[in-house]
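Data block below; observations after.
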Amino acid sequence: MINGKKIRLRHAERADLPHFVRWLNTPETRQYLDAVYPFAMVEEEQWFENLLKDREHYLNFFVIESIETGEPVGNLGLHMVDQRNRWTELGIMIGDTANQNKGYGTDALRTLLRFAFETMNLNRVQLRVHDDNLRGIHVYERCGFVHEGTLRQNLWKNGRYHDTHIMAVLRSEWK
Ligand SMILES: CC(C)(COP(=O)(O)OP(=O)(O)OC[C@H]1O[C@@H](n2cnc3c(N)ncnc32)[C@H](O)[C@@H]1OP(=O)(O)O)[C@@H](O)C(=O)NCCC(=O)NCCS
């Protein structure tokens, strides 16, 4: 377990998959993910089998669990880790709308950053965020991420193009 204040990060079990599918099919959550098609359980099971075969990827994918309830509330993955240049790109979701805005995302990100910099010895953590994800941007800035650039109109959503912002935090800034 990697313990934060409100949440802990742990590795995923097969029993988590129904939660992942439910979260990915929740419109308010999925609108900010690069998800277009509905998710089926069978697809998630296949994804998980592939994840288990890729040990590094599996180890760097975490379930966010509420310390208070012991229930999974989201997940957080380091989608790639560049070992030579010491950076990674993360993705996060707090799945059920009832669990959003409760401080879980902020605590999960702070916990992950501490782990990434102090344990994994990474130097840079980056992410991509849609321009209309104002809550996400607010939370990332609070955790030390700064805006580095914009991929203009690289996203078609709800009948119009959107920008995607690249944000990152360096170990020297985080300290
Ligand atoms: C983005 C996300 C990870 C944030 O986690 P969270 O647990 O909901 O966020 P927290 O409770 O830690 O913090 C929420 C903050 O955003 C603020 N906020 C909420 N809605 C907002 C909005 N529309 N605009 C600006 N700020 C907003 C809250 O007021 C709070 O800030 P405060 O503590 O200063 O008042 C989570 O909401 C989520 O997974 N959303 C759906 C999927 C997603 O967006 N994933 C990230 C893709 S890049």
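With r defined as the distance between the Cβ atoms of LEU52 and LEU151 and R0 fixed at 22 Å, what FRET efficiency is calculated, to the nearest 0.05? Approximately 0.10, to the nearest 0.05. Counting only other residues whose beta carbon sits under 12 Å from that of THR106, what net charge do I get with K and R as +1, D and E as -1? The answer is +4. Counting Lys and Arg as +1 and Asp and Glu as -1 over every other residue whose Cβ lies under 11 Å from the Cβ of LYS5, the net charge comes to +1.
Projecting the alpha carbon convex hull of the chain along each direction and taking the average yields 10.1 nm².
This ranking places LEU155, LEU122 by how few other beta-carbon atoms lie within 10 Å of each, fewest first, which gives LEU155, LEU122.
In the chain, the DSSP-assigned H stretches of four residues or longer account for a calculated mean residue ellipticity at 222 nm of -8000 deg cm²/dmol, using -39500 (n - 2.57) per stretch and the full residue count as denominator. For ILE166, the shell of other residues with beta-carbons less than 12 Å away shows a net charge of -1, using +1 for Lys and Arg and -1 for Asp and Glu.
Here, each number is a calculation from the coordinates, and none is a lab measurement. Here the structure is a predicted model, which means the values were calculated and not measured. For neighbour counting, all protein chains shown are included, and Cβ atoms are generated from backbone atoms with ideal geometry for every residue, glycine included.
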